[in-house]
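Since the structure comes first, as structure tokens, the remarks are kept for the end.
Rule-based calculations on the coordinates, nothing more; no lab input. Note that the structure is predicted; figures quoted are calculated from it, not measured. Cβ coordinates were reconstructed from backbone atoms using ideal geometry, including for glycine residues, and neighbour counts include every protein chain displayed.
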Amino acid sequence: MSAEHADTVDLAGEWTVRGWRQNDWLLGLTPERAKVSTADIGPIRAPVPGSVRGALVRAGIAPGPYRGTDSRASEWIENRHWTFERAIPAESLKDLLAGPDDRIVLEADMFDGEGVVLIGETVVGEFADAFVRQRFDITDSLDRDGDLLTIVFTRVPDALGQNGWTSRIRDWKPRFSFGWDWTPRTVQIGIADGIRLRVGPDWRLDEAVVNAAVNGTGDGTVAVDLRRCTLTAGATFEVSVIDVSGTVVASESAATGDRHTLSVPRPRLWQVRPTAEQALYTVRVDVFAEGRTQTTTRQVGFRTLEWRRNPGAAADAEPWLCAVNGREIFLAGVNWVPLRADHADVSDTEVRARVLTYCDLGFNLIRVWGGARAERAAFYDECDRLGMLVWQDLPLSSSGLDNEPPSDASIMDEFRRIAADYVTTLGHHPALALWCGGNELTRVTAPAVPGSPLTIEHPTLRAAGDVCADLAPGTRYTATTPSGPRFEASASEFGQGLHHDVHGPWEFGGDENEWDAYWAADDALFRSEVGVAGASGADLLDAFGLLPHGVDDAQLRAVWTHSSGWWLAGFDARDSDVPVEQWLHASAQRQARMLSCAFEHALRRFPTTGGFMLWMGHDTFPCAVSLAVIDFWGRPKPAALAIGGLLDQFGAALSSAPH
């Protein structure tokens, strides 16, 4: 929970969307407007938050993208400019202005795309980074231009898909929707999260950074960092800590300074997967100036979290054994990607339900992968409540052709800004266990060669790490995952101390006895990505047009390749006499056997190994075959159920006594 208490007007709800041939909307602001008085598409009603495609599907203008290869039929959306419009209550907003210096500010949590903001016909700002919150002061524009707010989405960047060049990244937009090995190209455009108007003094309390910790005596501390805030001269503030019953358990007032620390006597400790009600607190910051008050709140939990050295690890190895409140725990995790490519159309209820699914299966760690977005607030709130730890990547990822991000001054500055926004909005969550600079970032090498993982010495990754260290002291930051020194673990190098945090394997051509032998000899300190391909159920495939009747294997494979092309080797090797439905069942069962085999070996090695994370958790698209263990409908595949059984079987053996 992160909230700003001021006079606000929530702009979520029904908007109007129009689609324009490129720049027609702009010509409509000139004396030539009569030539483009009517948009190419629309107007249509659309919910906000929401995506353009979602609005078009509801209006019957575009097909849903999830059946067969139908997503191709909506790729044209990227070749239009799109306007989201709604009236804003200009006069009533002005009535809220209480002082001569009060402002009306448009705040947006995520504009997924690049474009401009208009009040009437006045451009009040531009946006081009989906990963940071946007703010636009519209006070003076309302005086001139009336009450029509328009968000215009213009350019969709190129070369962000999986098989591109990380070294050429210049655009900050979720990459996965441009096409990955588990989803076809389904690029989202839209207002992807909360949007509101804030009326009042221009105090930037939303930039307050709050951290909670436990000291050596068992007392809690709350650190409030106001350096990123804009506060009026002479302001004072009060910090209060409030428990779930609404009781203020600690409070202190002070003259405003950059930082303030409050002591909380013996708080209840936040727990990983608690057996009773979770211990959560609210930190409230009130700022007083010129007879006015502004308030912001953050949800926090008090706990210790350490990363300890694994027993027997090489002397130069990073620590990969996690201890929470003094208890060493095995990190059983999944890698999280958005539930849909058009994630703006996913509800908070759906996100919370998916987190609960993983919790019910016995997992205790979710990694939010760097090729997508930071999740919405409901995800982190639910992880806090359920005691699910979060590994948070910053939004950088490998590519098929090279994996090293650029390090020029403009890229470094923007990545610092993104890191600061991530820490400010997410860092207070007790679930947050680890910051990571990005996914699979390595030194530039030949195509298809993973290379050596980058380190904190890379300028861009160091820049983000410095921000995390400054704003979230005490929370670990790792430059990338895997962190090396090897990218993958080779059986020929077991026993040499070269496998710390590693990725893979994701496919295996040998028999299951060889697979078992590999894991029996494993020496990795942490496995942050491991996958095995497994098919979805025949009923799901039939529902989404992936089991068309009367087609041969080649035709069926062509349909499946649309979303599953990397993972069809097992289907290609199948005996043509084996019915497709029978092969689907066998594929899912093989995934269950092989992943549970690998997971069990890791469980038995704890604490020599600190954890094991599946790549990946759930399908974003109805894939015939994928590495996911939760299908597109949110149902656990046999692999998820088998691993859940293992976690239940090992139970208490997965943690040590606190010390």
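Where does the chain land at 222 nm, in deg cm²/dmol rounded to the nearest 500, when only DSSP H runs of n ≥ 4 count, each adding -39500 (n - 2.57), divided by all residues?
For the chain, the value works out to -7000 deg cm²/dmol.
Work out how much length residue 61 to residue 101 would gain on full extension: take 0.36 nm times their residue separation and subtract the Cα-Cα distance, in nm to one decimal.
Full extension from residue 61 to residue 101 adds 9.8 nm.
Amide H neighbours of residue 546 under 5 Å, at least 5 residues apart or on other chains, H built in the peptide plane: list them.
So residue 546 has HN proximity to 68.
Please identify every one of the trypsin sites (Lys or Arg not before Pro) in segment 1-84 that sits in a loop by DSSP and has no more than 14 other beta carbons within 10 Å of its own beta carbon.
Those that pass, being in a loop and sparsely packed, are 21, 67.
Tell me the relative contact order for segment 208-300 as a rounded percent, counting alpha carbon contacts under 8 Å between residues six or more apart.
29 percent
How far apart, in nm, are two points set 7 Å out from the Cα along the Cα-to-Cβ line at residue 72 and at residue 308?
The two pseudo-label positions are separated by 5.6 nm.
If one computes the Cα centroid of segment 389-468 and of segment 172-225, what distance in Å separates the two points?
About 16 Å separates the Cα centre of segment 389-468 from the one of segment 172-225.
Residue 42's amide H: which non-local residues (gap 5+, or another chain) put their own amide H closer than 5 Å, with H modeled 1.01 Å from N in plane and none for Pro or chain starts?
19
Rank by packing, highest mean first: peptides 120-126, 246-252, with packing defined as the count of other Cβ atoms within 10 Å averaged across residues.
In descending order of packing, they fall as 120-126, 246-252.
Apply 1/(1 + (r/R0)^6) to the Cβ-Cβ distance of residue 16 and residue 255, taking R0 = 51 Å, and write down the FRET efficiency to the nearest 0.05.
Between residue 16 and residue 255 the formula returns 0.60.
For segment 2-200, what's the relative contact order in percent, using C-alpha pairs closer than 8 Å and at least 6 residues apart?
Worked out over segment 2-200, it gives 28 percent.
What whole number of Å gives the distance from the Cα centroid of segment 589-659 to the Cα centroid of segment 19-78?
Using only Cα atoms, the two centres lie 41 Å from each other.
Between residue 273 and residue 92, what FRET efficiency follows from the Cβ-Cβ distance if R0 is 51 Å, with the result rounded to 0.05?
0.65
Put +1 on the Cβ of each Lys and Arg and -1 on the Cβ of each Asp and Glu in the chain; which of 305, 463, 125 then has its Cα farthest toward the positive end of the dipole?
Looking along the dipole axis, the top candidate is 305.
From the phi angles alone, apply the Karplus equation (6.51, -1.76, 1.60; θ = phi - 60°) to segment 91-98 and give each ³J(HN,Hα) in whole Hz, x where the residue is Gly or Pro.
So the J values, rounded to whole Hz, are 5, 5, 5, 5, 5, 7, 5, 9.
For residue 137 and residue 416, compute 0.36 nm times the residue count separating them, minus their Cα-Cα distance, and round to one decimal in nm.
Full extension of this stretch gives 98.1 nm more.
For segment 214-225, just list the computed ³J(HN,Hα) in residue order, Karplus coefficients 6.51, -1.76 and 1.60, θ = phi - 60°, integers in Hz, with x standing in for Gly and Pro.
10, 8, x, 8, x, 7, x, 10, 10, 9, 10, 10
How do 420-431, 454-465, 304-315 rank on mean C-beta neighbours within 10 Å, highest first?
420-431, 454-465, 304-315
Rounded, prolate or oblate for segment 208-300? Axes are the square roots of the Cα gyration tensor eigenvalues, ordered a ≥ b ≥ c, and the cut-off for rounded is a/c under 1.5.
Prolate shape, in that a/c is at least 1.5 and a/b is the bigger ratio.
Enumerate the calculated ³J(HN,Hα) couplings along segment 429-436 in order (Karplus 6.51 cos²θ - 1.76 cosθ + 1.60, θ = phi - 60°), each rounded to whole Hz, writing x wherever the residue is Gly or Pro.
5, x, 5, 5, 10, 7, 9, 9
Between residue 552 and residue 204, what FRET efficiency follows from the Cβ-Cβ distance if R0 is 45 Å, with the result rounded to 0.05?
Here the calculated transfer efficiency is 0.10.
Residues of segment 513-537 with backbone nitrogen within less than 14 Å of a virtual label 7 Å along the Cα-to-Cβ line of residue 635, please, listed as ranges.
Backbone N within reach: 535-537.
Quick check: pseudo-label points 7 Å beyond the Cα along Cα→Cβ at residue 247 and residue 170, how many nm apart are they?
About 5.9 nm separates the two model spin labels.
Listed highest first by mean packing, meaning other Cβ atoms within 10 Å per residue, what order do 274-286, 325-337 come in?
325-337, 274-286
Relative contact order, percent, of the chain when contacts are C-alpha pairs under 8 Å separated by at least 6 residues?
13 percent
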